[in-house]
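Derivation of every value follows stated rules applied to the coordinates shown; laboratory data play no part. Just so you know, these numbers come straight off a predicted model, no measurement behind them. Note that we place each Cβ from the backbone using ideal geometry, even for glycine, and neighbour counts take in every protein chain shown.
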2 protein chains.
Amino acid sequence: MRQVSFDLSYFQFSIIERSEEGLMNRYKAIIAYDGTNYVGYQVQKNGNSIQAELNKALKKMTKGLYIPVCASGRTDAGVHANGQVIHFDYPSDIDINGAKRALNSLLPSDILVKKVEKVDESFHARYDVTGKRYLYRVSTTQAIDPFKRLYTLQHPYRLDLEKMQLALNDIIGTHDFTSFCSTKTDKEDKVRTIYRAEVYRDEKNNEVCFMFEGNGFLYNMVRILVGTTLQIGNGLRPVNELQRLLEVKKRSEAGPTAPPQGLFLDEVFYCDIKID
Amino acid sequence: MRQVSFDLSYFQFSIIERSEEGLMNRYKAIIAYDGTNYVGYQVQKNGNSIQAELNKALKKMTKGLYIPVCASGRTDAGVHANGQVIHFDYPSDIDINGAKRALNSLLPSDILVKKVEKVDESFHARYDVTGKRYLYRVSTTQAIDPFKRLYTLQHPYRLDLEKMQLALNDIIGTHDFTSFCSTKTDKEDKVRTIYRAEVYRDEKNNEVCFMFEGNGFLYNMVRILVGTTLQIGNGLRPVNELQRLLEVKKRSEAGPTAPPQGLFLDEVFYCDIKID
């Protein structure tokens with residue numbers, strides 16, 4: 001379906017020429033993807049992944065080399081990204097705009113390379129992360145919208161946004177987020193710092209949108225925060241509930257994990273400077 | 001994925017009670033659907049269709065009866081609808097809001113019943129059509145958007161909208177649209193009347209949108225009109241091209257058929273009165 005075709009010969013030629021010197025060049029890329037048709041970011045046995053598609057595209061670009069790709073972190077099946085960040089080492093010095101076009105011509109239409117940048121070889125897409133922003137979209141219209149089913153939680157109920165925002169204010173700062181972490185995690189340290197936790201009406205799209213910025217997020221943390229805060233907005237839990245859950249440190253006391261399709265990894269921050 | 005469950009016993013009971021009297025009640029429904037995962041509106045051997053899903057839902061509602069469904073017309077694989085119209089005869093008198101909820105609880109999340117209405121048994125969703133409105137969405141941003149791939153043609157080129165509108169003005173009125181009809185059609189009469197043919201920038205969504213209203217549309221007519229008008233907007237064809245094509249009456253001289261995913265059956269008109 002992609003309408004752009006691209007001559008790869010330039011890249012292939014330059015690899016053959018340069019790889020003998022053993023030079024490696026590190027590139028950072030910002031990518032967006034619709035996670036609907038993937039088992040998640042990371043390669044898995046049970047289906048296709050974003051990472052596998054990136055590997056395939058780079059293999060074609062290099063005429064057969066396996067180029068490992070490292071991302072800022074995983075995203076789950078059905079979760080989307082507006083601004084996931086990856087890095088990879090390429091065996092030749094490539095033009096960044098040409099590389100972007102080449103990758104986009106080789107990737108399926110649900111994965112987009114938005115930007116390619118040459119970086120110092122010390123840069124690491126995962127270890128250097130200083131923060132991330134996630135969005136969670138909730139469609140609140142009475143009529144369930146067939147065109148939003150893959151990109152929002154459809155929640156046709158009244159929400160008290162004022163109460164929800166008051167509740168979210170309690171998670172700002174550094175806290176132990178054990179109550180908001182899937183028990184399937186392998187992480188010991190559950191302390192994270194949240195810089196921003198906001199809920200607002202997105203009039204343009206007739207949605208309610210959550211925005212979280214923090215130095216790191218535990219497994220399912222955003223989705224459990226959303227699931228619990230929606231129950232506060234529905235009047236099923238009191239406004240001080242997030243505060244209480246931070247104290248009890250029990251996943252079983254928090255609300256449900258909101259479904260994946262509303263979640264977007266919006267931006268990844270490095271060195272406290274926004275990279276986009 | 002649907003969050004609404006529904007008690008069907010009321011409908012099932014009333015059928016058993018009423019069907020012995022042999023009464024039939026005709027209902028009109030407005031439905032929206034995301035056509036991505038279907039071979040088209042109509043039942044076909046090679047895959048799932050909207051019509052088959054409607055039949056399945058009605059079969060569950062009636063505990064096993066086959067209820068034929070008639071639509072205003074077919075839509076192709078990948079084509080969407082905001083306002084397709086169907087009619088069906090139900091063996092009992094049903095509450096229209098209850099029927100809407102019941103159908104929505106039984107249909108997959110990419111098909112939505114927006115409205116159910118009881119109509120006179122003389123009403124026919126296909127024969128009584130007096131006009132239709134189609135929309136065609138074109139995303140013109142430089143960066144191809146992975147979230148719009150199923151709902152727009154991604155066309156990252158400059159378009160001269162003024163020229164395109166001038167060209168479209170030539171198709172208003174009653175003309176022979178042979179040049180804009182797939183040769184696969186079985187229709188002899190290629191004369192149709194176009195009431196409105198507009199192209200405009202949809203700033204909210206960063207798109208260019210086509211809107212066509214007419215008394216009827218031939219097979220692929222909107223998509224060939226869009227494909228040809230985009231070539232006028234790109235400067236590949238002169239502004240009087242649609243006028244010339246109406247006169248030559250040859251499909252081979254017109255532009256390409258624009259892909260299905262940008263096309264939406266927006267509204268169907270009956271008796272010159274908009275039903276929504």
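Using the Karplus relation 6.51 cos²θ - 1.76 cosθ + 1.60 with θ = phi - 60°, the per-residue 3J(HN,Hα) values for segment B:215-221 come to 7, x, 9, 6, 4, 6, 4 Hz, with x marking Gly and Pro. Taking the Cα centre of the protein assembly as shown as reference, the dipole from Cβ charges on Lys and Arg (+1) and Asp and Glu (-1) amounts to some 780 debye. Other residues lying with their Cβ under 13 Å from the Cβ of A:Glu253 contribute a combined charge of +3, Lys and Arg counting +1, Asp and Glu -1. When you work out D = kT/(6 pi eta Rh) for segment B:9-127 at 10 °C and 1.306 mPa s, using the Kirkwood radius from C-alpha pairs as Rh and the Stokes-Einstein form, the result is 110 µm²/s.
Going by neighbour counts of Cβ atoms within 10 Å, the residues B:Ile50, A:Ile31, A:Ile111, B:Ile67 line up, fewest first, as B:Ile67, A:Ile111, A:Ile31, B:Ile50.
Here B:Lys190 is the anchor, and the aspartates and glutamates within straight C-alpha reach of less than 18 Å, apart from those fewer than 8 places off in the same chain, are B:Asp170, B:Asp176, B:Glu213, B:Glu247, B:Glu253. What is the sum of charges, Lys and Arg at +1 and Asp and Glu at -1, for the other residues whose Cβ falls under 14 Å from the Cβ of A:Arg237? Taking every other residue near A:Arg237 into account, the sum is -2. For segment A:59-130, the ratio of Cα radius of gyration to the globular rule of thumb 2.2 N^0.38 Å stands at 1.14.
Evaluating 6.51 cos²θ - 1.76 cosθ + 1.60 at θ = phi - 60° for every residue in segment B:126-136, the Karplus couplings come out as 9, 5, 8, 4, 9, x, 9, 10, 10, 10, 9 Hz, glycine and proline recorded as x.
Among the GluC sites (Glu not before Pro) in segment A:87-189, those placed in a DSSP loop whose Cβ has at most 15 other Cβ atoms within 10 Å are A:Glu121, A:Glu188.
Between the listed residues B:Tyr200, A:Val239, B:Ile224, the Cα displaced farthest toward the positive end of the dipole of the protein assembly as shown, a dipole computed from Cβ unit charges relative to the Cα centre, is found at B:Ile224.
Between identical copies, the spacing of B:Lys204 label points, each set 7 Å from Cα toward the C-beta atom, reads 1.1 nm from nearest to farthest.
The alpha-carbon atoms of the protein assembly as shown, seen along their principal axes, cover 73, 61, 39 angstrom, with the largest extent given first. In the elastic network of chain A, a GNM with C-alpha springs shorter than 10 Å, the most mobile of A:Ile30, A:Ile86, A:Ile94 is A:Ile94. Label point of B:Asp93 (7 Å along Cα→beta-carbon): distances to the other copies' equivalent points are 8.5 nm, sorted ascending. Pairs exceeding 30 Å between alpha-carbon atoms, taken from B:Lys45/B:Lys249; B:Lys60/B:Lys187; A:Lys132/A:Lys249; B:Lys59/B:Lys114; A:Lys63/A:Lys114; A:Lys60/A:Lys114: B:Lys45/B:Lys249; B:Lys60/B:Lys187.
In this label model, B:Lys115 and A:Lys204 are separated by 2.9 nm, measuring between points 7 Å along each Cα→Cβ vector. In summary, the convex hull built on the alpha carbon positions of segment A:131-269 has an orientation-averaged projected area of 7.9 nm².
Test of understanding: extend the Cα→C-beta vector of B:Cys70 to 7 Å, then name every residue of segment B:91-110 with backbone N under 16 Å from that spot. Zone members listed by number: B:91.
Shown in residue order for segment B:107-118 are the 3J(HN,Hα) couplings computed by the Karplus curve 6.51 cos²θ - 1.76 cosθ + 1.60 at θ = phi - 60°: 7, x, 5, 8, 10, 10, 8, 8, 7, 10, 9, 7 Hz (x for Gly and Pro). A simple spin-label model places pseudo-atoms 7 Å from Cα toward Cβ; at A:Arg158 and B:Glu253 they are separated by 6.3 nm. Shortest first, A:Pro68 label-point distances to identical copies amount to 6.5 nm, with the label point at 7 Å from Cα along Cα→Cβ. For segment A:131-269, the relative contact order is 38 percent, taking Cα pairs closer than 8 Å that sit 6 or more residues apart in sequence and dividing their mean separation by the residue count. From least to most packed, judged by other beta carbons within 10 angstrom and beginning with the fewest, B:Asp128, B:Asp93 follow the order B:Asp93, B:Asp128.
Determine by what factor the alpha-carbon radius of gyration of chain B differs from 2.2 N^0.38 Å, reporting the quotient.
Values: Rg = 20.5 Å, N = 276, 2.2 N^0.38 = 18.6 Å.
Compared with the compact-globule rule of thumb, chain B sits at 1.10.
Mean sequence separation of contacting Cα pairs (under 8 Å, at least six apart), scaled by the length of chain B, corresponds to a relative contact order of 22 percent. Among B:Lys184, A:Lys45, B:Lys59, B:Lys163, the ranking by other beta carbons within 10 Å of each residue's beta carbon, starting with the fewest, stands as A:Lys45, B:Lys184, B:Lys59, B:Lys163. Computed over neighbours whose Cβ is under 11 Å from that of A:Thr178, the net charge equals +1, Lys and Arg +1, Asp and Glu -1. Where chain A is carried onto chain B by rotation, the Cβ closest to that axis, with its residue and distance in Å, is A:Lys204, 3. Only Lys, Arg, Asp and Glu carry charge here, each on its Cβ (+1 for the first two, -1 for the last two); on that basis chain B has a dipole of about 680 debye about its Cα centre. Charged side chains reduced to their Cβ positions (Lys and Arg at +1, Asp and Glu at -1) give segment A:67-123 a dipole of some 240 debye around its Cα centre. The label-point distance for B:Gln44 and B:Lys59, in a model that sets each label 7 Å from Cα toward Cβ, rounds to 2.0 nm.
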